[in-house]
Structure formats: structure tokens, C-alpha cells
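The values are calculated or read from the model by the stated rules, or taken from the named source; none is laboratory data. Since the structure is predicted, the reported quantities are computational estimates derived from the model, not experimental observations. Please note: Cβ atoms are built from the backbone with ideal geometry, for glycine as well, and neighbour counts cover all protein chains shown. Only protein heavy atoms, including side chains, enter the accessible area calculation; ligands, DNA and RNA are left aside. Shrake-Rupley method; radii C 1.70, N 1.55, O 1.52, S 1.80 Å.
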There are 2 protein chains.
Amino acid sequence: MASPSLLTPPPVPVELYVTNREKLLNSFRQHLADSARPLEGIVLLQGGDERTRYDTDHLELFRQESYFAYLFGVIEPGFYGAIDIASGKSFLFAPKLPPDYAVWSGEIKPLSYFKEKYDVSMAYYTDEIAAVLHKQYQELEKPLLFLLHGLNTDSNNFAVPANFEGIDTFETDMNTLHPILTECRVLKSELELALIQFANDISSEAHVQVMRNIKVGMKEYQLESLFLHHTYMYGGCRHCSYTCICATGDNSAVLHYGHAAAPNDRTLEDGDMALFDMGAEYQFYGSDITCSFPVNGKFTSDQSLIYNAVLKAHDAVISVMKPGINWVEMHKLAEKTILESLTEGSVLVGDVKDMMAEHLGAVFMPHGLGHFLGIDTHDPGGYLQGLERPEEPGLNALRTVRDLKEGMVITVEPGCYFIDALLDPALENSKTSKFFNVEAVNRFRGFGGVRIESDLLVTANGCRNMTNCPRETWEIEAVMAGSPWPIVKKSVAAR
Amino acid sequence: MASPSLLTPPPVPVELYVTNREKLLNSFRQHLADSARPLEGIVLLQGGDERTRYDTDHLELFRQESYFAYLFGVIEPGFYGAIDIASGKSFLFAPKLPPDYAVWSGEIKPLSYFKEKYDVSMAYYTDEIAAVLHKQYQELEKPLLFLLHGLNTDSNNFAVPANFEGIDTFETDMNTLHPILTECRVLKSELELALIQFANDISSEAHVQVMRNIKVGMKEYQLESLFLHHTYMYGGCRHCSYTCICATGDNSAVLHYGHAAAPNDRTLEDGDMALFDMGAEYQFYGSDITCSFPVNGKFTSDQSLIYNAVLKAHDAVISVMKPGINWVEMHKLAEKTILESLTEGSVLVGDVKDMMAEHLGAVFMPHGLGHFLGIDTHDPGGYLQGLERPEEPGLNALRTVRDLKEGMVITVEPGCYFIDALLDPALENSKTSKFFNVEAVNRFRGFGGVRIESDLLVTANGCRNMTNCPRETWEIEAVMAGSPWPIVKKSVAAR
Ligand SMILES: [Mn+2]
Ligand SMILES: [Mn+2]
């Protein structure tokens, strides 16, 4: 049997992290110069630690903290990393491992191994941090450390600043680093893009595998298993960007289905729509892709109506995205496009402008249009300091309200869902009830929802879709019936 | 194509948890009666909470805390559970979810849903804990709570006792519950055994799949992926009991290979031994299985020598295990059997009794012979209060030193490894150097190691092997060459 994959995991050049550090250094020096501060001090980050499951010795599979991964690429737990602003030198501090590590966990690597592997200026042990950092600024009694502290606007949690024995012998600055480093992460380098592209390639291919193998009677988690296997077996992706959402039937109206309390355990039925939101992570860099399609491989007219409403919004946004375009406008464009289609399809009645004024879009798409993507699925930086979260329904769920810039990677993921908890209040509200064709809406209760999600790179003049899944209904039906993907086009004009 | 599995995930009867609670209640009342204490007070446990990855909104897939899982079987995060000693009534306390949970995470279930699903006497919300528990003992100013606090002897961590608003209005007892509940977990019920058996069945089958599909040139993690896929796709096992150890070549001498810093990423070479320690978890209950075999499907004479030394130890232990047998004796039996084989194979020279006196066994098998298995891979209870950990090399790594009892599930996992960090000191030590055939030992440097691990249930008169993998070298070679498993025996005598 031919391999079900055409892909091979690419090597990850250490230059990626060197470049990331240089970018931070340049931004940081620029910032200090702009604020007339001296070009000195040390950026210090603490990497993640291994964790056990509760009080047991069951070790959770370690995944590096994302800011630390961005600057150093270190896959091992227990490290610290530093960058000296004045000299540009980079430092890694490795944990001293007990001798029996060699028996239980593998060879104890010398410092030179880490220095070379991660291409830093110097490597030391973590119990040397204070001494080594003091040595960089011997003339100062209390050298200045820039620590990572700031709000993650998706979780509302704060980054935890580095801590180590002797930190009280330093001055610390908790405010400068976080926004600068976050903004570095927002604009991706070519080396970063190559990894995000591979994560997209293997995940797109895995989505196609899932489409080809889905059958009525299967359990939702069996499709999750197929996806995970394809991306690990052929893509070397040990982690996913997030827990797979394998929703069928009315589960597809639950935006974050698939978690432990709703564990992808429904049996697929004939006539179901499937909404599969699954993305692999390759060497820290993620993908985030949603495909929606009928489980039995053939769209009904109702399924086509909703699906094409969402696809039209997806395509409309992508067709106008470019630097300078504001994301709030893109969200509104998606809402408007979906409302227009629902009106054409007689699910809604009235003037779409009036519907927009009443925020009817948020009844069908209660989530934001998309989010930055990178080392985190919801990559940070959506709200630059000073930007406020909008208060209007729908817009208040936006993970960013920024203008697009070249180098951003952002998901475009419009959706249209039939959620009783949102429909019922809208049907009861005199300002919105008039827009509904009640009979049609009731026909769609239990339908679930449709989401189409691609990962877009903003380019100098427009954008590039990094995701490559069947999107048109005829493409989906052909691929599910066994056609190769990408479909070999003969006289058919390119979409 | 025929399904690669003959298995179907069995339903999990809620009686399992009801039985577990009854067992605790009986033990607890007995203990109180024995200590002339009143038969009253309330056992209170706090279930696990969902965790995010560092400061982000990336949710780790939730897995319930094991003691809580044992008593209540609750898959949802954020719960508390209680059992009233006097009345025997059981209580669950569910978190109150915000209204938008319905949009993002799914239907908000009423309390009656949890009461029925987990078959408890009453269900309330977590903000009612203090009021509800006070009501059970209205005559007391400060009713007594038995909280879970005690040492996990594998991790050296302590269980974290429940905490809630208003706990200061109760008396608390931190010492009584942990040893009693832990001992309940040590002896498995029939309902628990059925789940451990299924976890073993699907994992044994997956190990065979791996043997059949392994090829020189593959990456170790591709075999991990095959295992994970088989156990999830056909067994519904979303979690593994532990991170897969897919070690080939000299990695097989690293006991806990496969973690993030040694991520199963070596390329398989002709002539390698593979040591794959992988076990699925089914509905909280685990399995823990190791198979060792040549990557190319044919044992060399050196590989057979080491493999059969370990297999003989594995079989020798299993042949004498029964209630009353002490586990330290089993460990010594395994050591002795391996040393005898190495002597017969001219790797060692001299009297095995003398080798045992010098603890030579621990040079080749630095880990303990096995451990309890259940809801945790290293299930608790290995050291009853009062039992001390031995100090001798090898024995000091034992996770239990207890006498066997009917109903215990324990792994038998002898191993023989060639680890420079252990061989070199033994070769330099005048008390042990004389036992080595230095030339032979040097021949095995880089060989790695062999481990054979099965999960054994101690029965009334002996034990039952719950694991069913090819073990004899001829069985392994036949299965790797394509024979069905179990092998259909014609005139061949059963092993
Ligand atoms: Mn997304
Ligand atoms: Mn084990």
C-alpha cells in the first residue's frame, strides 16, 4: 500500500531561535533608546518544569512554556535563559541532574551540549544564575533584570516572572519585557512560517484522511484517533495545538466540544453534519483547522445552505485581507455575509443592515472571527497596550481588534450555529424576533453548526492561505467519494 | 480489510463506584469500632480541577484525581464528594457553571443528572458544601470531617486535603482516611478487574500490531503512534497509563526513556533490540506492559541469551506467586534467575550465591521487580504504615515489600540492562570485578537492555496473567513473520 502521506517532517534549524533572540534584542534596544534609557540590563526567563499528576509520580508529558520556547527552543524542563542587552550575549542555565538520572532518564549531557544545540553564547547550571549575571555588570551593585510579567488577554492569566535564589541582589523591571517580546511573536519570521506551514500541511492531509474514512456508526473519537495518528506517524507531531473537537449532530453547536466532560463519544448517524476542529503542533508551532461536512458524504440542501453561507464569509474575508485592514471590520464582513445568505435562504427576513444594527450576527456566530496563531493556538498580542475590548455582542468575543500587518498569522473561522440558548432570547426579543422565519429556524434546531477555519498569513499585498483542505461542497463530496486531493483539475477553471 | 481488532470497549457499570464506596464505608466503620471511636463523621474528598498550560488559555485534557475517581467515577472537573459514616449516604457537589458554558462547552446538566449518573444519595452545588454537611450533624457544633492527607510512597508527595469555604466550622481529621482508602484500592473488585483486563487486552493486541508493523528505518515514535492509535481507535482509550517508552538500540537501557527530553526519536537500525513499555488506560484503569524483541524479527544468539534470561525470571516468579509470598523474595528470585542465566551464558563467572551476597543483581536490574497497578500505574499502598524501605541495592528500588494477597494486581517486570554507569563501578570494585567475563561484558556494551512486563492478578491459589503477548522467542519470531496471535497450536504442546 502506498504511504497515506506525501510529507516528511522538516528539520528545525537552530537559527530560528537565534533570529528570534536577535529580533527581541533589536526591538528592546530600540525601545530603551526611544525612552532615553541606558542600553543595558539582562532579559531573564524561566522555562517550564515537569509536573506530576496530582500527588502521584505519573509525569505529564512536558511541553515548554511558549515564550521560552520562542527565544531558546529548549525541549528539556527546568532551564532558565538570559540575554544581555548591552553585549547581546545569550545564556542558558541547565538544571544539575542527580547521578541516577543516567539510569532512569538517559545520558546526563554536559553544558557544552546545550551551548551547541541551542547556539547560545554560554551555558551554566541553574545554581550559578546569580553569580553569572552579576559578572556581566560587575560595576553595578544591583544589575537590572527584565522579567516577563504581563496579561494574557485570552486567559486573563499573568505570565509568571522568573525566580531564583539570589534574585533579591538585582533590580527588577516587570513591565518592559512582556509587550516587546509579545509583539516580536506577533510577526512571524520565514523560519517560523516554515514550521507553521508544515503543521498546516500535515494537518490538512490528516483532515482529508478523516473525510475519507468516516462512516455512519463510528464514534467521534475514532476520527480524533485517525487524525492524531496521521499527524504523529507521518508528521512527527507528538502534541496537538489543542484538544481535538470532533463534533457531530447537535454537538457541532458546542464551540469547544471534545473536552473531558464531553469527550467525543457520540455515535455518528446518517444525516449528521460533522464539525472537526483539529490541528497538529510541529516543534512548538501550531495549526488550527476546521472542516465541516456531512458524515455520509452528500450535502442535503439545508446543509448546503448553511455550509455555503459560512464558506462565502470565509472567502469574502480572505479576498480582502491585507496590511492595514482592521480585524473588527473583517468580523463584521463575515457576519454580514452570513446574514445575507440566511436571508437569501429564507431563514431570516428583512434588511441585513437592520439585522447588523441589532447584532443578529452574534446569535449565529457567538465567537470571534479568528485569532493569532503561532507557538500558542491563541497566540498572544491580540490587544496591544491601550486597545480596549469592544462591548457589542459578537465583537466582545474577538481575540484581537488590531489592524493587520505583514507577517501576522491569523485564523479565519466564521461559523453559523443553531444554539437554543441564543435563539430563544432572540426570538423573544421584540427588536430581533421580526427577522426570523420561525418555521425555518425550528427546522434547523438540532442541526448543530458549521465552522470553516483556515490559517492565513498576511503578506505585503494580501494574504496567503496556509491551509489546504477541500472547501467547496463539490470538492468535499468528491474527496469523500475517493477522489485524490488536491483534485486534479482538467478543464475546470481554478476556484 | 478485516478490522485489526477483535475487541469492543465494554460498558462501565456505575456499581463499580458504589461498590468501592461500600468497601470504604465497611473498612472505615470497622476501623472506628476497633479504635473505640464513634461511628460518625464525614469523609470528604475534593476532585481535580482543569489546568491551563502556563498563563495561556490552552486547557490540558482533564483527568480526574485517582482517589476521587475510585470513589465516584466522576469525569467532570471541579467536583467534591462526601460519604457520611453514620448513615452511609453519599454526596456529590457540582460546580455552578456560568451561563455561557452552554455555548462554549455544552449543555449545563442539572443536579439530578449527576445524582443519577454516579448513583449517589444526593447532589448539590459546591457552594452548598458547608450547609449540607452541617445538616448531617445538626446536634454538633463542629461536625468531624475525615480528609485525605498522606504520603504517596512512589512520588514522596502528599495528597492534598479538600478545602472549601467554611471548612473552619468543622473539626478535621487528617490521618485516618488515607491508609484505609489506600488499602481499599490495593485489593481489586471483580468490576475493577474487568476494566484492568480490558486495558490489558487492548494493549496486548496493540503490542502485537506494533511487532507486525515495525521495520528498520522507522522512527521510534511511529511505533508509539501505532500503539496509541490502536488502543484509542479500537479500545476507546483516550489516555495512556504513562508516556510510552519506545526504546531501541542502547536507548533500551534507559529505564524511563520516551519523556520530552528523550522523545522516542531515534531511527531503527538493523540488529537493534526494541524495548517497548506501553499501556493504555481504560475508564481510569490502567495496564503496564513491556515487550522486548529484535527490530528485524530474528533473535541473534546474544539477543536470545539476554532475552531468555529475563523470560526465565519472569516465568519463575509467576510460577510461585500466590497469597502469602513476600515480594522481596520474588525480587531476589528474579535476580538469582538472571544471574544464573548470565553465568550459564559465560557473561559472568563464579558462584551465584556469592554474586547475590554482593548485590550483583542490581547492576543488571536497577529497578524493582514490579508494582501495584490500578487507577494509577504505580498504584498506592506499596508500603503499609510501619513498613520500611530496604537499603540494599536493587531492593531499595522496590515499590512494595509486602506479602501478596488475593485481589492484588501487580506487575512482574524483570529486566537485564547493560548500563555503563553501573557496569564501570562494578568492574572497578574488587568485591564484584571477579564475577565478570570482561570480554563478554564489553561485547554487550551498547546492546541496551531487555524487559518483559506482565500484569498479574493474585488469586486464591496462585496468580493469573492478565497480559497476553507473545513471550517465547519462537512466538515473537512467528508473530513478526505474520502468524496470527494467539498462535493456533496443533500438535505443539502448550507452553
Ligand atoms: Mn481557532
Ligand atoms: Mn511497570
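In segment A:310-349, the qualifying residues are those that are of a type in the set (Gly, Ala, Ser) and at negative phi, and the one that is farthest from the chain's Cα centre (by Cα) is A:GLY345. Residues that are within 27 Å of B:LYS322 (Cα to Cα), out of contact with any helix residue (DSSP H, G or I) (no Cβ under 7 Å at 6 or more places or on another chain) and polar (S, T, N, Q) occur in segment B:176-189; there is at least one.
Among the residues of segment B:440-474, those that are hydrophobic (A, V, I, L, M, F, W, C), over 17 Å from the mean Cα position of the chain (by Cα) and within 12 Å of B:CYS291 (Cβ to Cβ) comprise B:VAL450, B:CYS469. Just one of (1) more than 14 Å from chain B (Cβ to nearest Cβ); (2) on the phi < 0 side of the Ramachandran plot; (3) open to solvent by 20 Å² or more (accessible area, probe 1.4 Å) fails for A:TYR307. It is (3).
Residues in segment B:41-61 that are within 20 Å of B:THR182 (Cα to Cα) and open to solvent by 20 Å² or more (accessible area, probe 1.4 Å): B:GLN46 alone. For first residues located in segment B:274-300 and on the phi > 0 side of the Ramachandran plot, partners that are modelled with pLDDT of 95 or more and lie 6+ apart or on another chain with Cβ distances below 6 Å form the pairs B:GLN283/B:VAL12; B:GLN283/B:LEU195; B:PHE284/B:ALA69; B:PHE284/B:ILE375; B:GLY297/B:MET480.
Give me the residue from segment B:162-189 that is of a type in the set (Asp, Glu) and over 19 Å from the mean Cα position of the chain (by Cα) and, out of that set, surrounded by the fewest Cβ atoms within 10 Å (Cβ to Cβ). Among residues in segment B:162-189 that are of a type in the set (Asp, Glu) and over 19 Å from the mean Cα position of the chain (by Cα), the one surrounded by the fewest Cβ atoms within 10 Å (Cβ to Cβ) is B:ASP168. Residue-level check: of (1) crowded, with 18+ Cβ neighbours inside 10 Å; (2) more than 30 Å from A:GLN209 (Cα to Cα); (3) in contact (Cβ under 8 Å) with a residue 40 or more places away in the chain, A:GLN64 misses just (2).
Inside segment A:212-240, residues that are among the aliphatic types (A, V, I, L, M) and surrounded by fewer than 22 Cβ atoms within 10 Å (Cβ to Cβ) make up a count of 2.
Strands (runs of 3 or more DSSP E) fully within segment A:398-480 that include at least 2 residues being in contact with a Ser or Thr (Cβ under 9 Å, 6 or more places away or on another chain) and more than 30 Å from A:LYS23 (Cα to Cα): A:415-417, A:449-451.
Yes or no, residue by residue, for (1) touching a residue at least 24 places away in the same chain (Cβ under 8 Å); (2) facing chain B (nearest Cβ under 8 Å):
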| residue | (1), (2) |
| --- | --- |
| A:GLU224 | yes, yes |
| A:TYR234 | yes, no |
| A:ARG238 | yes, yes |
| A:ILE245 | yes, no |
| A:VAL254 | no, yes |
| A:ALA262 | no, yes |
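Per the conditions (1) open to solvent by less than 30 Å² (accessible area, probe 1.4 Å); (2) hydrophobic (A, V, I, L, M, F, W, C); (3) more than 12 Å from ligand 2 (Cβ to nearest atom); (4) touching an Asp or Glu at 6+ places or on another chain (Cβ under 8 Å), the sole criterion not satisfied by B:LEU369 is (3). Inside segment B:68-97, residues that are open to solvent by 10 Å² or more (accessible area, probe 1.4 Å) and within 14 Å of another protein chain (Cβ to nearest Cβ) make up a count of 6. Screening segment B:434-474 for residues that are open to solvent by 40 Å² or more (accessible area, probe 1.4 Å) and closer than 29 Å to B:ASP354 by Cα and picking the one that is farthest from ligand 1 (Cβ to nearest atom) gives B:LYS434.
Checking A:MET365, A:MET330, A:MET355 one by one, the residue that is touching a Cys at 6+ places or on another chain (Cβ under 7 Å) and more than 30 Å from A:ASN175 (Cβ to Cβ) is A:MET365 and no other.
Within segment B:392-421, which residues are free of Cβ contacts under 8 Å to residues at least 40 places away in the same chain and not small (Gly, Ala, Ser)? Across segment B:392-421, the qualifying residues are B:GLU392, B:PRO393, B:ASN396, B:ASP420.
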